[in-house]
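Let me begin by presenting the structure, written as structure tokens, before commenting on it.
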Amino acid sequence: MTNAADVFTLKNSKGVEVTFIARGGQITSIKVPNAKGEVADVVIGYDTVEEALAGDAYYGAICGRYANRIVKGEFELNGQSYQLETNNGPNHLHGGTDGFNLRTWEVEQVELPQFAQACQLTLVSPDGDQGYPGELTTIVTYGLTEDNELVIEYDAVADKDTIINLTSHAYFNLDGAGAGTIAEHELTLNADKFTPIDGEIGTVTGEIAEVKDTSMDFTAAKKIKEALQADCPQVKLVDGIDHNFVINGYDGSLKLAARLESPLSGRCMEVYTDQPGVQVYTASHFDGSETGKQGRPIEKWAGLALETQIFPDSPNKAHFPEATLKAEEHYRHTCVYKFI
Ligand code: BGC
């Protein structure tokens, strides 16, 4: 039996070290050397497990059953209406107040040839859990390669038709948690389109818009502060970026979604996924009131979340990617965070 506070560490021979706890599968630290061999912990969080358990339970966690928002928490499946909890204004967010990020996952160390070290995390969510239909068994593999890739593989199967969208919610700061904001980080997104949001709905309108000539254009490397400071209604709505980007050329194979680089520390991270979208979130709700790593306040824009997934509110938008998982079929999702 795994306990909530159990800590697991994955290491490779290049000095990369990933630590997570069983509660929420929360990735509590990722230690990465830069070219000079200086090691920094590049995810936002806390110094101790006790603080992690008491603090923001989304940091580095596995979110589900439906990561991101479902408008008014409503959806229809096979002609039946479902009402989920509305825990984010009028909307359902990240599976509700008792989402997968708060569950204790059963963790097992596994040996897989492609990974230096790996663990498998299992969670059985009963039929009706959080209001979702079907008993859902989810297995998430965290694997660290000798190429400095943290690979997250999701595999889930339900005994009834259901909906699903899982993601990993780490906030990255390549200079190290507590070392300022991500404003000077350079971001490139392999996305010509994004899904605009509306303040009243609190999430996506259903439109799929071109990024060209907007602050959302990261098709070439750009400092994040250029968007943060822009006089742009989409930025103003969320005091930064909290948007889903449509990954170019989605075909279910692994594609580059994002590249994040800090000129200051020289660290770089690429994100690959087989999913159609990536939620880019500049952590605009952080306000310095919480104490994070090295006893430093967790300030606004302290980290950047790059959450691979389908689109927000897909169950209610016929032209968005399919959110339905048919009974006994497998949901599969791979996300790779590669440190360079
Ligand atoms: C969402 C944000 C939300 C945050 C909660 C992100 O995935 O896009 O709107 O505030 O999760 O931690």
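A crude spin-label estimate for the pair HIS285 and LYS160, with each label 7 Å from Cα along the Cβ direction, gives 2.9 nm.
Keeping every protein chain in place, order TYR46, TYR66, TYR58, TYR250 by accessible area at 1.4 Å, biggest value first, i.e. largest first. Don't jump to the answer; show the numbers that get you there.
Details: TYR46 20, TYR66 0, TYR58 55, TYR250 125 Å².
Ranked from most to least accessible, the order is TYR250, TYR58, TYR46, TYR66.
Residue-wise HN-Hα couplings along the range 281-294, as the Karplus relation 6.51 cos²θ - 1.76 cosθ + 1.60 with θ = phi - 60° gives them from phi, are 10, 8, 6, 6, 8, 5, 9, x, 7, 9, 8, x, 4, 6 Hz; Gly and Pro carry x. Over the chain, accessible surface divided per residue gives 39 Å², non-protein components excluded, 1.4 Å probe.
When only alpha carbons are used to place a centre, the range 234-296 and the range 97-169 end up 21 Å from one another.
With the simple model of a label 7 Å out from the Cα in the direction of the Cβ, ASP231 to ALA54 spans 4.5 nm.
Explain nothing, just the number: dipole magnitude of the chain about its Cα centre with +1 on each Lys and Arg Cβ and -1 on each Asp and Glu Cβ, in debye rounded to the nearest 20. It would help to have the intermediate numbers written out before the result.
On the way: 26 positive and 51 negative charges, 132 e Å.
Around 640 debye, computed over the chain.
The GluC sites (Glu not before Pro) found in the range 33-90 that occupy coil by DSSP, while having at most 14 further C-beta atoms within 10 Å, are GLU38.
Entry note, the chain: the mean residue ellipticity at 222 nm calculated from DSSP H runs of n ≥ 4, each adding -39500 (n - 2.57), is -1000 deg cm²/dmol after division by the residues and rounding to the nearest 500. Here each label is just a point 7 Å from Cα along the line to Cβ, and for LYS326 and GLU111 those points are 3.8 nm apart. Near LYS338, which aspartates and glutamates are there with a Cα under 15 Å away, not counting those fewer than 8 places off in the same chain? By straight Cα distance, LYS338 reaches GLU17, ASP41, GLU146, ASP147, GLU149, GLU153, GLU261, GLU270, ASP274, GLU307.
Positive end of the dipole of the chain (Cβ unit charges, origin at the Cα centre): among PHE100, LEU10, ALA22, the Cα lying farthest that way belongs to LEU10.
Among the listed pairs LYS72/LYS212; LYS193/LYS222; LYS72/LYS300; LYS236/LYS317; LYS14/LYS225, a Cα-Cα separation exceeding 21 Å is found for LYS72/LYS212; LYS72/LYS300; LYS236/LYS317; LYS14/LYS225.
In percent, rounded to a whole number, the relative contact order of the range 7-339 is 19, using alpha-carbon pairs under 8 Å and six or more apart.
The listed residues GLU307, GLU106, once ranked by accessible area (1.4 Å probe) with the largest placed first, stand as GLU106, GLU307.
The values are calculated or read from the model by the stated rules, or taken from the named source; none is laboratory data. Given the structure is predicted, the values throughout are model-derived calculations rather than measurements. We place every Cβ from the backbone using ideal geometry, glycine too, and count neighbours over all the protein chains shown. Remember, those area values only see protein heavy atoms, side chains included, never the ligands or the DNA or RNA. Shrake-Rupley method; radii C 1.70, N 1.55, O 1.52, S 1.80 Å.
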